[in-house]
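Read the structure below first, then the notes.
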Amino acid sequence: MNTIGTGLPPVSRMEEGQSSQLTPSQAQSNFSSMLKNAVEDLNHMQLESDKKTEGLANGSVENLHDVMISAQKASVALETGVQVQSKAIDAYNEIMRMQV
């Protein structure tokens with residue numbers, strides 16, 4: 001099972017005087033794809049949890065521990081996503097209030 005952020009490229013420290021090789025459009029594309037992958041991973045966790053919960057209700061899944069663990073993982077991932085969204089909106093609002 002994938003977790004949020006497993007598809008992220010490694011972060012490297014930039015040396016002083018070293019410039020980034022990405023253009024703004026490439027950075028936007030990278031950020032967009034990273035965000036899309038994170039949302040897809042979150043959706044996958046939610047769907048897997050729903051499937052296991054339904055299987056438990058139907059009697060086809062007998063391992064309650066596995067169902068509860070997947071439900072908790074999905075819950076934590078969703079809460080993390082909501083918190084990241086909130087922080088991103090706060091950062092955007094702060095940037096918009098800056099005077100140039």
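The values are calculated or read from the model by the stated rules, or taken from the named source; none is laboratory data. These numbers come from a predicted model, not from an experiment. Here the Cβ is made from the backbone with ideal geometry for all residues, glycine too, and neighbour counts use every protein chain on show. Accessible surface areas use protein heavy atoms only, side chains included; no ligands, DNA or RNA. Shrake-Rupley method; radii C 1.70, N 1.55, O 1.52, S 1.80 Å.
The condition of being of a type outside the set (D, E, K, R), modelled with pLDDT under 95 and in a loop (DSSP other than H, G, I, E, B) holds for only one of SER32, SER19, SER25, that being SER19.
Here ALA57 does not qualify as out of contact with any Leu (no Cβ under 6 Å at 6 or more places or on another chain), open to solvent by less than 60 Å² (accessible area, probe 1.4 Å) and either assigned to a loop (DSSP other than H, G, I, E, B) or not aromatic (Phe, Trp, Tyr) (or both).
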